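Here is the structure we will look at, set down as structure tokens.
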Amino acid sequence: MRTWLMKRNCSFSPKQVGMFYVSIVCFSLLVATYFLLIGVWMVIIFTTIEILALTIALYVYTRHALDYEKITIVGKQLLFERSWGGKLQQHEFNTVWTKVISTGKADRDIALKSANQEVIIGFFVGVNEREKFQKELQQYLGV
């Protein structure tokens with residue numbers, strides 16, 4: 001059995017994102033409240049827009065923070081699993097009939113191909129490591 005797990009390199013854990021969000025919202029509301037108390041009421045409008053924009057940005061970030069690709073080879077069976085934005089895709093291949101090909105596209109140039117099924121892989125593999133990954137995976141296929 002051989003497994004490759006490729007995932008995003010996220011700088012914030014979910015707990016850190018939550019703490020960051022709470023601290024920014026509290027500070028922004030504190031500043032807006034001060035200006036509201038001295039009579040500058042328009043600041044609360046811009047603070048609301050700022051908090052809304054931050055909420056949307058962090059929501060998008062958290063939807064994709066846990067994305068991954070997983071390739072597992074067990075005997076003659078290759079299982080490919082991709083989680084993208086909380087949606088899970090799974091594909092099953094026979095290692096004897098499957099090969100790794102380059103699609104020629106610059107950003108995602110690796111694919112698994114078997115008969116009429118082709119799945120682009122390697123989204124989380126660095127550009128410098130793609131050739132090495134492709135050769136390593138090819139060693140387990142066609143056997």
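The values are calculated or read from the model by the stated rules, or taken from the named source; none is laboratory data. Computed from a predicted structure; not experimentally measured. Every residue, glycine as well, gets a Cβ built from its backbone with ideal geometry; the counts of neighbours run over all protein chains shown.
Tabulated values for the structure
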{"quantity": "Filter result (among the hydroxyl-bearing types (Ser, Thr, Tyr) and within 22 Å of the chain's Cα centre (by Cα)) within the range 58-103", "calculated": "Tyr59, Tyr61, Thr62, Tyr68, Thr72, Ser83, Ser102, Thr103"}
{"quantity": "Matching residues in the range 91-117 - criterion: being within 18 Å of Lys76 (Cα to Cα) and either free of Cβ contacts under 8 Å to residues at least 12 places away in the same chain or out of contact with any strand residue (DSSP E or B) (no Cβ under 8 Å at 6 or more places or on another chain) (or both)", "calculated": "Val96, Ala115"}
{"quantity": "Some residue of the range 68-82 being touching a Phe, Trp or Tyr at 6+ places or on another chain (Cβ under 9 Å) and not in a strand (DSSP E or B)", "calculated": "no"}
{"quantity": "Residues of the range 68-87 classified as touching a strand residue (DSSP E or B) at 6+ places or on another chain (Cβ under 9 Å) and either modelled with pLDDT under 90 or of a type in the set (Val, Ile, Thr) (or both), total", "calculated": "4"}
{"quantity": "Selected residue (only one of Val31, Val60 is assigned to a helix (DSSP H, G or I), modelled with pLDDT of 95 or more and more than 30 Å from Thr98 (Cβ to Cβ))", "calculated": "Val31"}
{"quantity": "Any hit, the range 60-74, residues being within 26 Å of Tyr21 (Cβ to Cβ) and free of Cβ contacts under 8 Å to residues at least 24 places away in the same chain", "calculated": "yes"}
{"quantity": "Residues of the range 100-130 that turn out to be at pLDDT below 85, part of a helix (DSSP H, G or I) and surrounded by 12 or more Cβ atoms within 10 Å (Cβ to Cβ), as a count", "calculated": "0"}
